[in-house]
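The values are calculated or read from the model by the stated rules, or taken from the named source; none is laboratory data. Quick caveat, the model's predicted, so the values are computed rather than measured. Every residue, glycine as well, gets a Cβ built from its backbone with ideal geometry; the counts of neighbours run over all protein chains shown. All accessible areas refer to the heavy atoms of the entire protein, side chains included, with ligands and DNA or RNA removed. Shrake-Rupley method; radii C 1.70, N 1.55, O 1.52, S 1.80 Å.
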Amino acid sequence: MKEGMKTDPCNKLQERVEADRVMFSLGTFQNVSVPVNGTVHAVVSRIPADVSFLTLQFHTHHRNVTLSYTPIPLYGSSVTAADAGLLSTLTLSQTTVSWFLKTPDGSSAAGVGVILPYTSADPVPGACNQEFPLEIDPNIYLQYNLFETTITFAPANIGYGRGESPPACDVDTDSSTRWRLVYELYQYFLPEGDLSEQSLISSLERAANVQNMQDNGRKVVSLSSHDRTQFSFSSLPGQGVIFSVIVRDPVLNTSASYIPVHTYACSFNSTLDGCSDLGRVSSKVFFTVMGLAGLFVCFVGHRFFKCELFCMGFCFMAFIFFVLITTTTTLEYDIRLALTALMGVVGGVAMVMSWWRFGSVMACVLVVGLILGFLISSIAFFTPLGDIPIFHNDVVFWVVFACIMVFVPLFFIRWPREGNIITCGVVGGYAVVLAVNAYTYTSLSYITLDVLKRLLNHNFSRAFISVPLQDIDFIMITVWVVLGVSGIVMQLYREKSRPFFPPSPYVMWKQERERRKTNVLDPSHHKPSLSARILGRIRQLTQRTEPAGETTPLLF
């Protein structure tokens, strides 16, 4: 064992000779390229005496890299991620620090790194780590799926000077210990639809340290040292998001930043469902047809009442069936979407036939009003109202959601025609927004998608659902408002002199039949029934007329 340890310094020396040496300056971003099967030796020197510890953070677009304190990465002294970071405490006379950077599979990689200095008064991120391999771990660990993105980080400790022993983490809980620290979670959204490396690097430079993240980011939540250090956010596939945690010492009025981490909630390495293939052809076809139908309903839905009922019944049944088939089966997305469209057609036909047969306008308007109520309730929880902690409770959320949803059709019972026309304008306009979302990303699709996620995933209730509103979103909001208002005004003006709702064809036929039976003066009263007329015509075509007997020619 001792002989093996003697050869270790030689191996380290050999690695250092072979490594590419990159000199860093404190607080300055440095582009770094890792060669194939190579190691980069990152060095910073001339460290000021008032600096107590340093953090090195290195970011790539999507490739994993390994940061290590030693030339050969060891468990407990290295970290592997696309956003990796290490923290080094300094000794009394230390002026130079070095780290080693390589890729886990020996491939090449390129990224950007920065070294940030902190004094003895600044809190130490991850210094009370008891969960992850590193002794002091300033990293934020990120996991995502279709529904939610979860971040986890280790607790921090209060600052201490060079050569001093770190304060105990869990001996006391008074104001002189790490329990006085406060954590703030920040989000920084990249430009919508921009998956480029240049956009990511420039965004990371605006979110790497405390001041930049405060100026450019959005604070999501602030928590104490007694709260959990794990949080969930709604996944936004294709939307770049940078997460950062800033730890503050309220006594000394100092702060420090954990290593920022980014995600697009999709994979750049997957050949199926990757970031480059987010827009499925099936989804584009489905939502394009839906958008065209929404445009039709928005402007002439009430005039063509049967078409409107079909579209609303389609939406109502399709949504319910998609939730059921997704929770009970493991079918592929395209198959589920096709079955959903089929059941939507069945729902649309059923709604039209129910109106045709029974003629109950109020029952149909109730279903239409529930769709409008669902959309209004979804809009309400799409706002910051949805991130209020009380609504992370499923019972509270669904009770309030259902109350808003039911209140809307009840409100329009007194004005059914106006309620139906307003529903046509609002829902039809939103269908156009969803159609546009199939081709270019817009955050407005998450108005209903977040509710769908909450129905399909029981753990989604704990997630923060904030999404960015950028230029394309404000454009689509304007389009939605213009379509909705113009459609509502146009239909109200056109329908003001018409009956509130068209009569049911079946009810009209029954009334006409009864009128014929009772009105003997009506010529149609003496007509044979339709079946008798058909049978008589068949007999005429199939039977040959016999001569009546001897005939005498006419005499002129």
Once the dipole of the chain is set up with Lys and Arg at +1 and Asp and Glu at -1 on Cβ about the Cα centre, which of 433, 325, 365 lies farthest towards its positive end?
365
Run the numbers on segment 257-361 and let me know its relative contact order in percent, using alpha-carbon pairs under 8 Å that are six or more apart.
25
Surrounding charge for residue 436, neighbours by C-beta under 15 angstrom, Lys/Arg +1, Asp/Glu -1, total -2
So what is the relative contact order for the chain, in percent, with contacts set as C-alpha pairs under 8 Å and at least six apart?
11
Indicate the gyration tensor shape class of segment 175-324 (rounded, prolate or oblate), computed on the Cα atoms with a ≥ b ≥ c the square roots of the eigenvalues: a/c under 1.5 is rounded; otherwise a/b larger than b/c is prolate and the rest oblate.
prolate
Over the Cα atoms of segment 202-274 the radius of gyration and the largest Cα-Cα distance (Dmax), both in Å, equal 14.8, 51
Taking Rh as the Kirkwood radius, which is the inverse of the mean 1/r over Cα pairs, what is the Rg/Rh value for segment 275-371?
1.03
When the accessible area of the chain is split by element with a 1.4 Å probe, what percent falls to carbon and sulfur?
62
Surrounding charge for residue 139, neighbours by C-beta under 12 angstrom, Lys/Arg +1, Asp/Glu -1, total -3
Total formal charge among the other residues, if their Cβ is under 12 angstrom from that of residue 471, Lys/Arg +1 and Asp/Glu -1
-3
Compute the Rg/Rh shape ratio of segment 236-324: radius of gyration over Kirkwood radius, all on alpha-carbon atoms.
1.29
Once phi is turned into θ = phi - 60°, what whole-Hz ³J(HN,Hα) does the Karplus curve with 6.51, -1.76 and 1.60 give for every residue of segment 26-36, x standing for Gly and Pro?
4, x, 10, 6, 10, 6, 10, 10, 9, x, 4
Rg(Cα) / (2.2 N^0.38 Å) computed for segment 51-184, rounded to two decimals
1.12
Acute angle (nearest 10 degrees) that the helix 446-456 long axis makes with the longest principal axis of the chain, alpha-carbon atoms
90
Quick one: which of 282-292, 237-247 comes out on top by average Cβ neighbours within 10 Å, and what's the full order, highest first?
237-247, 282-292
Whole Å is fine, so just give me how far the alpha carbon centre of segment 73-106 lies from that of segment 363-413.
51
Return the Rg/Rh ratio of the chain with Cα-based radii and a Kirkwood Rh.
1.22
Can you give the three extents of the C-alpha atoms in segment 402-487 along their principal axes, from longest to shortest, in whole Å?
39, 31, 17
Send over a whole-number figure in Å² for the accessible area per residue of the chain, probe 1.4 Å.
51
Per residue of segment 352-365, in order, report the coupling 6.51 cos²θ - 1.76 cosθ + 1.60 (Karplus, θ = phi - 60°) as ³J(HN,Hα) in whole Hz, putting x for Gly and Pro.
5, 5, 5, 5, 4, 7, 9, x, 8, 5, 5, 5, 5, 5
Where does the longest stretch of the chain lie that holds no GluC sites (Glu not before Pro) found in a DSSP loop with 16 or fewer other Cβ atoms within 10 Å?
333-549
From the Cα gyration tensor of segment 317-403, with a ≥ b ≥ c the square roots of its eigenvalues, which class applies: rounded if a/c is under 1.5, or else prolate if a/b is larger than b/c, or else oblate?
oblate
